[in-house]
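Below you'll find the structure, written out as C-alpha cells, and then a few comments.
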Amino acid sequence: MAKVIVTVAPTGGMASKAQNHNLPTQPAEIADSVHKSWKEGAAIAALHARRPDDEATCNDGIYRDINRRIRERCDIILNNSTGGGSSGDMLVPRPDGLFESSFEERLKGCEAGAEMATFDGMTFADVHGGREILVVTTPSRCETLAKRMQERGIKPEWEVFGPSTSSRT
C-alpha cells in the first residue's frame, strides 16, 4: 500500500494579499490555516514568513512566532523556507539593475526551531513584479546552508526549479 504525505503551503513565496485578500500572511492567520489543514490530514506545513506589511522575510522572530502558534495547536511538521520570497527583506538591488535574493536573510529560516527547511541548492533567475531576480546559491553557500541545517537537526527539503517553472508576474 502506498503512503501519502500531504504538504500544505498556506502562503507561498510570491503571492500577496493584493492578489487574494484571503491569503494568510500574518502569524495568526498562517497558524489558523495550518491547523485547519492538519485537521484534514496534512502532515507538513511549508511556511513562508511575511512582515506586517505583507512583504517577504525570513526574519527568525517572525518564524518563531508562526511556529509557536502552530505548535500550540497541532504537531504538524514545520518546514521553514530558506528561499523566502520575491519581495521585502529578501531582495537586494544590484548595480546592474537586477535584484538578488539575500543569502544572509535566507539563512534565518534555519533559526526558528523547524524540523525541516528548504534547500535550494542551485543558482537560478526569476521574474516577479517586473523585477529580474537572481537566487545565487554557489557551492560554498550550499555548504553553509547544509552545515547550518545539520547543526540544528533540520532535515532539508531539496527544491529544484527549472526555467519553465519560473514566474512571470
Q. For the chain, modelled as a Gaussian network with Cα springs under 10 Å, which listed residue fluctuates most, ARG94, ARG106, ARG152?
A. ARG94
Q: Mind pulling the per residue volume of the convex hull built on the Cα atoms of the chain? Å³ is fine.
A: 131
**Q.** Residue-span extension gain [THR7 to ASP53] - 0.36 nm each, minus C-alpha spacing
**A.** 14.0 nm
Q. Lysine pairs in the chain with alpha-carbon atoms under 28 Å apart, 8 or more places apart or on different chains: how many are there?
A. 12
Q | Helix 139-151 vs. the chain, principal-axis angle (Cα, 0 to 90°, nearest 10) | A | 20
**Q.** Given the chain, longest segment not containing exposed loop GluC sites (Glu not before Pro) (DSSP; at most 11 other Cβ within 10 Å)
**A.** 73-169
**Q.** the chain: most fluctuating residue of ASN67, ASN22, ASN59 per GNM, C-alpha cutoff 10 Å
**A.** ASN22
Q: Could you let me know the centre-to-centre spacing of the range 95-146 and the range 27-56, using Cα atoms, in angstrom?
A: 21
Q: State the extension gain, in nm to one decimal, for the chain segment bounded by HIS21 and GLU132, taking 0.36 nm per residue of separation less the distance between their alpha-carbons.
A: 37.4 nm
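Values quoted throughout were computed directly from the atomic coordinates according to the rules given, and no laboratory measurement underlies them. Being a predicted model, the structure only gives us computed values, none of them experimental. Counting neighbours? That spans all protein chains shown, and the Cβs are built from the backbone with ideal geometry, glycine included.
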